[in-house]
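Working notes, structure below.
Taken together, the values in this text are just the output of simple stated rules run on the coordinates, not laboratory data. Treat the numbers as computed from the prediction; the structure is a model and nothing was measured. Using ideal geometry, Cβ is built from the backbone for each residue, glycine included, and neighbour counts are taken over all protein chains shown.
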Amino acid sequence: MSDNWDVIVVGAGTAGMMASIFAARRGAKVLALEVAPEAGGTLHISTGQMSAAGTKLQKKLGIADTPDDHYADVMRISKNTADPKLVRFAVDNAADTFEWLVENGLEVLDDHPVKGSGHEFYKERRYYWGADGGRSVLQTIRPVFLKEVAAGTITLKLDTEATALDQDATGRVVGVTATTRGEGPKTWRGKNVVLTTGGYASNAALFKELNGYPQYANAAYPYSQGAGIKMARAIGGWTRGAENYLCSFGSILESDQYPAKILARPIHNPALRQPWEILVNKAGQRFVAEDNPSVDAREHALLKQPELRMWMIFDEVIAQEAPPITAEWGRAEQMAKFGQHPMFLKADTLDELAKIAGVDARGLAATVAQYNANLTGADPLGRQHRPRPIVKAPFYAVRLHGASISSTVGLAVDDQLRLLDKNNKPIPGLHIAGELLGAGQTMGHSFVGGMMVTPAMTFGRLLGSRILHWGSEKLRAAG
Ligand SMILES: Cc1cc2nc3c(=O)[nH]c(=O)nc-3n(C[C@H](O)[C@H](O)[C@H](O)COP(=O)(O)OP(=O)(O)OC[C@H]3O[C@@H](n4cnc5c(N)ncnc54)[C@H](O)[C@@H]3O)c2cc1C
């Protein structure tokens, strides 16, 4: 055993940096253990879209908003599947987190806040991000964190992988065993341990075990390996929320070697690009109105399809007349992919297209015939935008997958973020924050704007500033 820390933070990412900063400012002797060679975690790659109600910026813009309204909106979008206590805790304290970021230099985009972007829209303008997405947030928090490290109030051990939580005879968590690269394992002793090791979306085996679905996409932070879940389960913690698993609506993957990198994200939002194509499943059948303005409704429809797969089907006229399917490509770049990339298929007949795509040929023929025949009348799925029939060879298919960048399932905690054992009793000495709680706790069975990154920062901040105790706390003025 070495040292006796007031607070040991395991994982110096989004939640962990905040917990460390705020505990250090209350006079704690803080040790932060981080497996990566640098602090910051998922903020390196996150889109960093935050939500907070009752902010000074909203007031300045005359936007009347409250945490109560934010709460109601989260529960509306999640159809009451999010955890009411954790959502309440997050939204009631989100504005203070946002103000702290602004005080420390965060600049949000000019037209912000907005009601929404890629997810279901809020009723009010409470959604913000910086010019550089998650990196704007990283560049705000990390300098403050590193300043504390430089001042010696936080000791940061990089390249240090925590592997176990250590308990005393009463079951209290009293330390962490970790291995620094090039050194042997060591046990660090502390009065409080905060587990903020992030999610498991880069661990395909754990993803399948916890979610019940394969991880098709490789798009999460590489160190999101579920280490915290493994350590917590080893001392009696348990996970919840698999029923909230939801995929995003259709990305084009690089290959069939899962998890595969995402090649492109087509524009599905009908407000940005109306669909000209149809979307079919493996049976060759349509399963959703392609122009349904609710992304949540489209995501839930895709979730029911085999292998979370769908194919965009169109013909030569649509290929030449419709806007490109992504914002990144022009038409020539898009069309050059057919026959060259495994997700882009082209054939002279629909029958041949179905065969090379792995879609039921009879199903596809019937679907296209029905879609064309219905163009003068109502669409059975309610689609409005149907500019062209699918009739002129060659025919095209682009294969899309429902993908995941985050971890739905998380550790069960109480309303003070203490890990619960299987009898729902808190395990003393240990607190949890960030994606380790599971996206499903703060977003439910939906994607709710900003309801991961903001709660991660907020819960880290609250642990450091209020919840943890080590006996001799004295608030130090921010340096
Ligand atoms: C591409 C992408 C876009 C996103 N966009 C948004 C968005 O717009 N809005 C939103 O709300 N959410 C978004 N999210 C989710 C959100 O960014 C994350 O949920 C949040 O940043 C996670 O914070 P965290 O502190 O739990 O984990 P992290 O920030 O990942 O921190 C965990 C830290 O623990 C370290 N660690 C892991 N294992 C160990 C170990 N054994 N020992 C020591 N250290 C360890 C990791 O290296 C890491 O530094 C996005 C996620 C991704 C991947």
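Couple of notes before you dig in:
- Per-residue ellipticity at 222 nm computed for the chain from its helices equals -8500 deg cm²/dmol, with DSSP H segments shorter than 4 residues left out and the rest contributing -39,500 (n - 2.57).
- Debye intensity ratio in log₁₀ form over the Cα atoms of region 333-479, taken at each q of 0.17 Å⁻¹: -1.01
- Net charge, residue 361 excluded, C-beta distance under 13 Å - Lys, Arg +1, Asp, Glu -1: 0
- Peptides 148-157, 306-315, 184-193, ordered by how many other C-beta atoms sit within 10 Å of their residues on average, highest first, read 306-315, 184-193, 148-157.
- Of 133, 231, 216, farthest towards positive along the dipole that unit charges on Lys, Arg, Asp, Glu beta carbons give the chain: 231
- Counting all C-alpha pairs of region 252-401, share separated by more than 18 Å (%): 54
- Measuring nothing but alpha carbons in the chain and taking Rh as the Kirkwood radius, the Rg to Rh ratio lands at 1.02.
- A Förster radius of 35 Å combined with the Cβ-Cβ distance from residue 392 to residue 47 puts the calculated FRET efficiency at roughly 0.35.
- Residue pairs, from the table 230/261; 191/474; 60/147; 59/85; 79/261, whose Cα atoms sit over 23 Å apart: 230/261; 60/147; 59/85; 79/261
- Residue ranges 345-354, 93-102 sort as 93-102, 345-354 when ordered by packing (mean number of other C-beta atoms within 10 Å per residue, highest first).
- Three semi-axes describe the equivalent ellipsoid of region 305-373; taken as square roots of 5 times the Cα gyration tensor eigenvalues and ordered largest first, they are 21, 15, 12 Å.
- Cα convex hull of region 142-207 - mean projected area over all directions, nm²: 6.5
- Using alpha carbons only, the radius of gyration of region 37-184 set against its Kirkwood radius gives Rg/Rh = 1.06.
- Fewest-first sequence of 83, 3 by Cβ atoms within 10 Å of each Cβ: 3, 83
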